[in-house]
Amino acid sequence: MKILIILAHPEEKSFNAAMFNTAISTLEKEGHEVKTTNLYRENYQPVSGKGNFTQLKNADYFKQQDEEVFALQQSTFMPDIVSEQEKIEWCEMMIWQFPLYWFSVPAILKGWIDKVFTMGKFYDNGKIFENGFSAGKKAILSVTTGGPEKNYVDDRYGNINSILFPIHRGILEFLGFSVVQPEVVYSVERLSEEERNRVLDNWSKRLINIEREITRD
Ligand code: FAD
């Protein structure tokens, strides 16, 4: 399988980086082709706007989706967008590795999403969900939290699946991806060294069979 892994963490020695590196080495060992984007290392510029394009269709009134459709026809996306779009089109499975920030993705990943999943190329009228351009591809979120698991099963924080729903449904499934159950590591800073090693080991074991996993409910 062709697999794209995105990392959104500023620290190379973080646990998120360890999850990312574990995924790369496991999947490569299994014979998969792996491409990556390490957003902080690449100093990815996440602010989406006029700078997404080398040329604008309407410089008097900026409307991103109109400009995206124009840019697709004219090949006027900035190179950092084109290179990410090529990787997404190339892959058969995509993994996003990130720490939960304010019940969501870190801003650098949100900016990447806002910039790369452009209208006309990744979604369009009628080209969403089952008919999306990414139908047939798989996606998985690999997330760490600061809060303990017990807070994510009751009403205190809300169930983790409801927190991830906007990402699962509003982004990935909207685009056509089939989403499998997320890998969630709760309260990672409070785990012992041994527990963290076990988490990495379990992640590796899960990835070995990821091709056969069915999609989330
Ligand atoms: P790290 O602190 O990098 O790692 C944890 C420990 O693992 C460290 O001791 C590290 O040395 C160790 N480690 C690293 N590599 C390995 C390895 N190979 N083997 C064993 N151990 C290793 N939390 C929530 O629950 N909900 C929120 O909404 C939320 N919002 C946040 C918003 C912001 C802006 C920020 C900064 C944090 C927020 N948090 C939230 C907390 C955040 O999700 C956690 O701090 C994060 O998930 C921890 O992951 P990490 O990779 O940064 O951990």
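Remarks
- Pair list, Cβ < 7 Å and 6+ apart or interchain, from segment 185-214 residues that are closer than 20 Å to residue 30 by Cβ to residues that are more than 12 Å from the ligand (Cβ to nearest atom) and part of a loop (DSSP other than H, G, I, E, B): 208/30; 211/1; 213/180
- Matching entry among 167, 163, 171, 140 (being within 10 Å of the ligand (Cβ to nearest atom), surrounded by 14 or more Cβ atoms within 10 Å (Cβ to Cβ), within 30 Å of residue 120 (Cα to Cα) and at pLDDT 95 or above): 163
- Taking the listed residues 89, 11, the one that is exposed (fewer than 15 other Cβ atoms within 10 Å of the Cβ) and either of a type in the set (Phe, Trp, Tyr) or in contact with a Lys or Arg (Cβ under 9 Å, 6 or more places away or on another chain) (or both) is 89, with no other qualifying.
- For segment 143-160, taking the residues that are out of contact with any helix residue (DSSP H, G or I) (no Cβ under 6 Å at 6 or more places or on another chain) and within 18 Å of residue 200 (Cβ to Cβ), the one that is nearest to the ligand (Cβ to nearest atom) is identified as 145.
- Among (1) at pLDDT 95 or above; (2) touching a strand residue (DSSP E or B) at 6+ places or on another chain (Cβ under 9 Å); (3) surrounded by fewer than 17 Cβ atoms within 10 Å (Cβ to Cβ) - the single one residue 214 does not satisfy: (1)
- Inclusion of residue 199 among residues that are assigned to a strand (DSSP E or B), within 16 Å of the ligand (Cβ to nearest atom) and either among the aliphatic types (A, V, I, L, M) or at pLDDT 95 or above (or both) is not warranted.
- In segment 76-175, counting only helices (runs of 4 or more DSSP H) that sit wholly within it, the ones holding 1 or more residues that are of a type in the set (S, T, N, Q), touching a residue at least 24 places away in the same chain (Cβ under 8 Å) and more than 23 Å from residue 186 (Cα to Cα) span 79-90.
- Failed condition for residue 35, given (1) farther than 16 Å from residue 114 by Cα; (2) free of Cβ contacts under 8 Å to residues at least 40 places away in the same chain; (3) among the charged types (D, E, K, R): (2)
Per-residue answers, yes or no, for (1) within 14 Å of the chain's Cα centre (by Cα); (2) part of a strand (DSSP E or B); (3) within 13 Å of the ligand (Cβ to nearest atom):
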| site | (1), (2), (3) |
| --- | --- |
| 11 | no, no, yes |
| 31 | no, no, no |
| 35 | yes, yes, no |
| 43 | no, no, no |
| 51 | no, no, no |
| 55 | no, no, no |
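- If you go through segment 93-115 and keep only what is among the aromatic types (Phe, Trp, Tyr) and more than 9 Å from the ligand (Cβ to nearest atom), you end up with 96, 112.
- Yes/no for residue 179 being β-branched (Val, Ile, Thr) and out of contact with any Gly (no Cβ under 9 Å at 6 or more places or on another chain): yes
- Some residue of segment 38-51 being touching a strand residue (DSSP E or B) at 6+ places or on another chain (Cβ under 9 Å), touching a residue at least 12 places away in the same chain (Cβ under 8 Å) and closer than 16 Å to residue 143 by Cα: yes
The values are calculated or read from the model by the stated rules, or taken from the named source; none is laboratory data. What you see is a predicted model; the values in this text were computed from it and never measured. Cβ: placed from backbone, ideal geometry, glycine included. Neighbour counts: every protein chain shown.
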